[in-house]
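Below you'll find the structure, written out as structure tokens, and then a few comments.
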Amino acid sequence: MCTSFIYRGNDTIIGMNFDNNGMKYSIDTKNPNWFTVKVDGGRGKYPSFGVDCFGRFFNNLVVNSNGKGLYRRPNKKVTHTTKFIMDILKGVISTEKLEEYLSNVEVVNGPDWSCHNMICDSNGNVWVVEPGRGNIRNIADSSKFFVMTNFSLWDYLYENVECNCDRFKVVSSELEKAEKVNVETAFSILDSASQRNGEWITEFSMVYSKNMNTVYYCLNGNFNERFEYKFLCLKNE
């Protein structure tokens, strides 16, 4: 499945491996401030992950269900993971006020899916939203990095459930021992966590550098051939 991390050092570096099982996906840059990847999970293409020119990042990754947080129709007090992400993209939800939002609105799963969201604001603060479990906040100066894959971080951190995800362990170890993380280091770490065989294959990998204001990405596990998307301007938030 997928792997994501944020490293908060002299540069804010965000890395993401999209591991796919054949779903159609596409890059969307219609809004020049956002670099977004949309995925068709059977109900049309919806935002799966992306980053903007201010360093705000989101993803919507599959996680095992605990039988709670099931879909309910959105209202003033309830939203679902896909609408939650789309409202961030539209600017309806401010990541700088995310703590206040999450204290007033419950995020549940979309129909037929169990997912969790990693959200990063422009200052490197991270939230993980796990429907039916809880919300995790990791402020920027509490640690140099934060990693999320496809197992429940809530269960791991608060329910004493053992981590059984090798990708999480590999990426955490690489970031822990790295003296400095830059674009090259980040791609090397993503390569170490990439999947070449099985149902889920790494088809898209991206690294964002806040200092460079640029997204670097590669396709089909070819980490030596990279493309760039440079944010050319900063519009009002």
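For L157, L61, L232, what's the largest-to-smallest order of accessible area, 1.4 Å probe?
I get L232, L157, L61, largest accessible area first.
In nm, give the distance between the simple-model label positions of S142 and D40, each being 7 Å from the Cα along the Cα-to-Cβ direction.
According to this spin-label approximation, the distance is 3.9 nm.
With a 1.4 Å probe and all protein chains in place, put K83, K30 in order of accessible area, largest first.
Largest accessible area first, the residues go K30, K83.
Taking every Cα atom in the chain, find the radius of gyration and the maximum pairwise distance Dmax, and write them in Å.
Every Cα atom of the chain included, Rg and Dmax give 16.5, 47 Å.
Per the 1.4 Å probe, what fraction of the accessible area of the chain, in percent, lies on carbon and sulfur atoms?
Accessible surface attributable to carbon and sulfur in the chain totals 46 percent.
What order do R8, R72 take when sorted by accessible area (1.4 Å probe), most exposed first?
Accessible-area ranking of R8, R72, largest first: R72, R8.
What is the antiparallel percent of DSSP beta bridges lying wholly in the chain, to the nearest 5?
The antiparallel proportion sits near 95 percent.
How much of M1 can a 1.4 Å solvent probe reach, expressed as accessible area in Å² and rounded to 10?
Around 60 Å² of this residue is reachable by solvent.
Under a 10 Å cutoff between Cα atoms, tell me which one of Y158, Y217, Y71 has the largest fluctuation in the Gaussian network model of the chain.
Per the Cα network of the chain with a 10 Å cutoff, Y158 tops the list.
In whole angstrom, note down how far apart the Cα centers of the stretch 186-205 and the stretch 48-119 are.
With the stretch 186-205 and the stretch 48-119 each reduced to a Cα centre, they are spaced 25 Å.
Which residue, N109, N17, N164, tops the fluctuation ranking in a GNM of the chain built on C-alpha contacts under 10 Å?
N164
Put +1 on the Cβ of each Lys and Arg and -1 on the Cβ of each Asp and Glu in the chain; which of G198, S4, N33 then has its Cα farthest toward the positive end of the dipole?
N33
The values are calculated or read from the model by the stated rules, or taken from the named source; none is laboratory data. It should be emphasised that the depicted structure is a prediction, and the values quoted were computed from it without experimental measurement. No Cβ is skipped: glycine too gets one built from the backbone with ideal geometry, and neighbour counts run over all protein chains shown. These accessible areas exclude ligands, DNA and RNA; they are computed on the full protein's heavy atoms, side chains included. Shrake-Rupley method; radii C 1.70, N 1.55, O 1.52, S 1.80 Å.
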